[in-house]
Amino acid sequence: HRFTDQFNDPHSPQVYGILNVLFKGAWLYDLASKDRDMVQQYGVGTPDDWVERNIYSKYSVHGILLLLIINTLCFNGWGILIWLLQMAWIPFWAAGVINGIGHYWGYRNNRTNDHSRNIIPFGFIIGGEELHNNHHNNPASVKLSEKWWEIDIGYIYLRVLMLLRLARLREQ
(Lines give C-alpha, C1' and ligand atoms only; values in the text may rest on other atoms or scores of the structure.)
Protein backbone atom coordinates (compact mmCIF):
# COMPACT_ATOMS: atom_id res chain seq x y z
CA HIS A 1 0.00 0.00 0.00
CA ARG A 2 3.04 2.23 -0.14
CA PHE A 3 2.14 3.90 -3.47
CA THR A 4 -1.43 2.67 -3.99
CA ASP A 5 -2.72 3.74 -7.41
CA GLN A 6 0.29 6.03 -7.92
CA PHE A 7 3.21 5.79 -10.37
CA ASN A 8 5.29 3.36 -8.24
CA ASP A 9 2.37 0.98 -7.56
CA PRO A 10 3.33 -2.29 -9.31
CA HIS A 11 -0.26 -3.40 -9.80
CA SER A 12 -2.42 -0.33 -10.39
CA PRO A 13 -4.85 -0.40 -13.32
CA GLN A 14 -4.85 3.41 -13.16
CA VAL A 15 -1.12 3.39 -13.94
CA TYR A 16 -0.69 0.33 -16.19
CA GLY A 17 -4.22 -0.26 -17.51
CA ILE A 18 -6.57 -3.05 -16.52
CA LEU A 19 -5.50 -5.51 -19.25
CA ASN A 20 -1.81 -5.19 -18.37
CA VAL A 21 -2.51 -5.76 -14.68
CA LEU A 22 -4.82 -8.71 -15.40
CA PHE A 23 -2.52 -10.52 -17.80
CA LYS A 24 0.96 -9.24 -16.89
CA GLY A 25 0.48 -8.83 -13.13
CA ALA A 26 3.13 -11.37 -12.16
CA TRP A 27 5.64 -9.66 -14.46
CA LEU A 28 4.83 -6.29 -12.83
CA TYR A 29 5.39 -7.84 -9.39
CA ASP A 30 8.70 -9.29 -10.55
CA LEU A 31 9.82 -5.82 -11.63
CA ALA A 32 8.79 -4.39 -8.26
CA SER A 33 10.72 -7.14 -6.43
CA LYS A 34 13.96 -5.60 -7.73
CA ASP A 35 13.38 -2.60 -5.41
CA ARG A 36 15.60 -3.75 -2.51
CA ASP A 37 14.49 -0.93 -0.16
CA MET A 38 10.83 -1.79 -0.66
CA VAL A 39 11.44 -5.51 -0.17
CA GLN A 40 13.44 -4.89 3.00
CA GLN A 41 10.85 -2.47 4.41
CA TYR A 42 7.78 -4.60 3.67
CA GLY A 43 9.36 -8.01 3.99
CA VAL A 44 9.74 -7.72 7.76
CA GLY A 45 8.47 -10.88 9.43
CA THR A 46 8.49 -13.02 6.30
CA PRO A 47 10.31 -16.35 6.42
CA ASP A 48 14.09 -16.21 6.45
CA ASP A 49 14.93 -19.89 6.31
CA TRP A 50 17.33 -21.96 4.23
CA VAL A 51 14.87 -22.41 1.36
CA GLU A 52 14.16 -18.65 1.20
CA ARG A 53 17.87 -17.67 1.29
CA ASN A 54 19.24 -20.38 -0.96
CA ILE A 55 16.47 -21.04 -3.48
CA TYR A 56 13.70 -18.44 -3.68
CA SER A 57 15.79 -15.29 -3.21
CA LYS A 58 18.59 -16.33 -5.54
CA TYR A 59 16.75 -18.42 -8.07
CA SER A 60 13.01 -17.73 -8.14
CA VAL A 61 12.61 -20.01 -11.14
CA HIS A 62 14.02 -22.85 -9.02
CA GLY A 63 11.16 -22.39 -6.55
CA ILE A 64 8.71 -22.83 -9.39
CA LEU A 65 10.55 -25.94 -10.56
CA LEU A 66 10.70 -27.24 -6.98
CA LEU A 67 6.90 -26.92 -6.80
CA LEU A 68 6.63 -28.92 -10.04
CA ILE A 69 8.84 -31.67 -8.62
CA ILE A 70 6.90 -31.82 -5.34
CA ASN A 71 3.55 -31.89 -7.16
CA THR A 72 4.78 -34.66 -9.48
CA LEU A 73 6.15 -36.71 -6.59
CA CYS A 74 2.90 -36.35 -4.66
CA PHE A 75 0.42 -36.75 -7.50
CA ASN A 76 2.33 -38.53 -10.31
CA GLY A 77 1.20 -37.31 -13.74
CA TRP A 78 -1.65 -35.30 -12.21
CA GLY A 79 1.03 -33.24 -10.48
CA ILE A 80 1.96 -31.63 -13.79
CA LEU A 81 -1.65 -30.60 -14.39
CA ILE A 82 -1.95 -29.29 -10.82
CA TRP A 83 1.27 -27.31 -11.32
CA LEU A 84 0.03 -25.83 -14.60
CA LEU A 85 -3.18 -24.73 -12.89
CA GLN A 86 -1.19 -23.17 -10.05
CA MET A 87 1.06 -21.33 -12.49
CA ALA A 88 -2.00 -19.86 -14.23
CA TRP A 89 -4.17 -19.40 -11.15
CA ILE A 90 -1.83 -17.60 -8.76
CA PRO A 91 -0.55 -14.78 -11.02
CA PHE A 92 -3.93 -14.17 -12.66
CA TRP A 93 -6.07 -14.17 -9.53
CA ALA A 94 -3.67 -12.64 -7.01
CA ALA A 95 -1.85 -10.12 -9.16
CA GLY A 96 -4.47 -9.58 -11.83
CA VAL A 97 -7.92 -9.92 -10.36
CA ILE A 98 -7.37 -8.73 -6.80
CA ASN A 99 -5.06 -5.84 -7.54
CA GLY A 100 -6.42 -5.15 -11.02
CA ILE A 101 -10.17 -5.50 -10.82
CA GLY A 102 -10.02 -4.72 -7.09
CA HIS A 103 -8.85 -1.21 -8.02
CA TYR A 104 -10.98 -0.86 -11.13
CA TRP A 105 -14.52 -2.17 -10.71
CA GLY A 106 -16.90 -2.92 -7.85
CA TYR A 107 -18.51 -1.23 -4.88
CA ARG A 108 -17.03 0.71 -1.99
CA ASN A 109 -17.99 0.55 1.68
CA ASN A 110 -15.30 3.07 2.62
CA ARG A 111 -13.76 6.24 1.32
CA THR A 112 -10.07 5.52 0.99
CA ASN A 113 -7.29 7.53 -0.65
CA ASP A 114 -7.13 5.08 -3.53
CA HIS A 115 -9.36 3.36 -6.08
CA SER A 116 -9.86 0.12 -4.11
CA ARG A 117 -13.17 -1.68 -4.63
CA ASN A 118 -14.93 -4.71 -3.23
CA ILE A 119 -15.32 -6.91 -6.28
CA ILE A 120 -18.19 -9.02 -4.92
CA PRO A 121 -19.61 -9.39 -1.38
CA PHE A 122 -18.77 -13.10 -1.24
CA GLY A 123 -15.08 -13.79 -0.68
CA PHE A 124 -14.93 -17.48 -1.67
CA ILE A 125 -12.61 -17.60 -4.67
CA ILE A 126 -9.57 -15.83 -3.26
CA GLY A 127 -9.93 -16.31 0.48
CA GLY A 128 -11.87 -13.10 1.11
CA GLU A 129 -9.62 -10.77 -0.86
CA GLU A 130 -12.57 -9.97 -3.11
CA LEU A 131 -13.47 -7.53 -0.29
CA HIS A 132 -10.52 -5.37 -1.28
CA ASN A 133 -11.90 -1.93 -0.33
CA ASN A 134 -12.57 -3.25 3.17
CA HIS A 135 -8.97 -4.46 3.31
CA HIS A 136 -7.63 -1.06 2.25
CA ASN A 137 -9.79 0.63 4.87
CA ASN A 138 -8.37 -1.56 7.65
CA PRO A 139 -5.28 -3.38 6.33
CA ALA A 140 -4.29 -4.87 9.71
CA SER A 141 -7.63 -6.65 10.18
CA VAL A 142 -7.79 -10.39 9.59
CA LYS A 143 -11.52 -10.09 8.90
CA LEU A 144 -12.26 -8.57 5.50
CA SER A 145 -16.07 -8.58 5.70
CA GLU A 146 -17.72 -5.50 7.20
CA LYS A 147 -21.42 -5.69 6.30
CA TRP A 148 -23.74 -8.44 7.54
CA TRP A 149 -24.24 -9.66 3.98
CA GLU A 150 -20.51 -9.92 3.15
CA ILE A 151 -18.84 -13.30 3.57
CA ASP A 152 -15.08 -13.74 4.08
CA ILE A 153 -14.24 -17.44 3.72
CA GLY A 154 -10.64 -16.83 4.82
CA TYR A 155 -11.83 -15.46 8.17
CA ILE A 156 -14.23 -18.40 8.56
CA TYR A 157 -11.31 -20.81 8.02
CA LEU A 158 -9.23 -18.89 10.55
CA ARG A 159 -12.02 -19.02 13.18
CA VAL A 160 -12.41 -22.78 12.68
CA LEU A 161 -8.65 -23.26 13.08
CA MET A 162 -8.72 -21.11 16.21
CA LEU A 163 -11.60 -23.17 17.67
CA LEU A 164 -9.57 -26.31 17.00
CA ARG A 165 -6.54 -24.62 18.65
CA LEU A 166 -4.54 -24.98 15.44
CA ALA A 167 -4.12 -21.22 14.96
CA ARG A 168 -3.99 -18.09 17.06
CA LEU A 169 -3.73 -14.39 16.34
CA ARG A 170 -0.55 -12.54 17.18
CA GLU A 171 -0.96 -9.47 19.33
CA GLN A 172 -0.50 -6.33 17.26
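Computed from backbone phi with θ = phi - 60° and the Karplus coefficients 6.51, -1.76 and 1.60, the 3J(HN,Hα) list for the stretch 8-21 is 7, 6, x, 9, 8, x, 6, 8, 9, x, 5, 5, 5, 5 Hz; x is used for glycine and proline.
For the chain, the fraction of C-alpha pairs more than 23 angstrom apart is 51%.
Run the numbers for Q86 and F23: contour at 0.36 nm per residue of separation, minus the present Cα-Cα distance, in nm.
Numbers: separation 63, 0.36 × 63 = 22.68 nm, distance 1.49 nm.
21.2 nm is the gain from fully extending Q86 to F23.
Over the stretch 78-172, what is the relative contact order in whole percent, taking alpha-carbon pairs under 8 Å and six or more residues apart? Working shown, then result.
On the way: 124 pairs, mean separation 17.6, N = 95.
About 19 percent, as a whole number.
Counting only Cβ charges, +1 for Lys and Arg and -1 for Asp and Glu, the dipole size of the chain around its Cα centre is about 200 debye.
Sparsely packed loop sites in the stretch 109-172 (the GluC sites (Glu not before Pro) outside DSSP H, G, I, E and B with at most 15 other Cβ atoms within 10 Å) comprise E171.
Taking each pair of different alpha-carbon atoms in the stretch 6-54 once, compute 1/r for the pair, average those values, and report the inverse of that mean as the Kirkwood hydrodynamic radius in Å to one decimal. Please list the in-between numbers first.
Details: mean 1/r = 0.0820 Å⁻¹.
The Cα-based Kirkwood calculation yields 12.2 Å.
Taking the protein heavy atoms of the chain in the context of the full set of protein chains, the accessible area attributed to carbon and sulfur is 62 percent at 1.4 Å. Here the convex hull built on the C-alpha positions of the stretch 114-153 has a volume of 60 cubic angstrom per residue. Charging the Cβ of each Asp and Glu at -1 and of each Lys and Arg at +1, and nothing else, the dipole of the stretch 89-172 about its Cα centre rounds to 220 debye. The mean accessible area for residues of the chain, using a 1.4 Å probe and ignoring ligands and nucleic acids, is 69 Å² per residue. Computed over the stretch 1-101, the P(r) tail beyond 20 angstrom holds 49 percent of alpha carbon pairs. Here's how it looks for I151: its modeled amide H is under 5 Å from those of F122, G123, which are all 5 or more places away or on a different chain. Straight-line cross-link reach from K34 at under 20 Å between alpha-carbon atoms covers these lysines, not counting any fewer than eight positions away in the same chain: K24, K58.
Could you work out the relative contact order of the chain? I mean the mean sequence separation of Cα pairs under 8 Å and 6+ apart, divided by the number of residues, in percent.
It rounds to 17 percent for the chain.
Phi angles across the stretch 45-52 convert, under the Karplus curve 6.51 cos²θ - 1.76 cosθ + 1.60 with θ = phi - 60°, into 3J(HN,Hα) values of x, 7, x, 10, 10, 4, 4, 4 Hz, Gly and Pro given as x. Each residue of the stretch 161-169 was assigned a 3J(HN,Hα) from its phi angle through the Karplus curve 6.51 cos²θ - 1.76 cosθ + 1.60 (θ = phi - 60°); the sequence is 4, 5, 4, 7, 6, 9, 8, 8, 8 Hz, with glycine and proline shown as x.
The values are calculated or read from the model by the stated rules, or taken from the named source; none is laboratory data. Just so it is clear, the structure is predicted and the values come from calculations on it, not from any experiment. Every residue, glycine among them, receives a Cβ derived from its backbone with ideal geometry; neighbour counts consider all protein chains shown. The accessibility values were calculated without ligands, DNA or RNA, using every heavy atom of the protein model including side chains. Shrake-Rupley method; radii C 1.70, N 1.55, O 1.52, S 1.80 Å.
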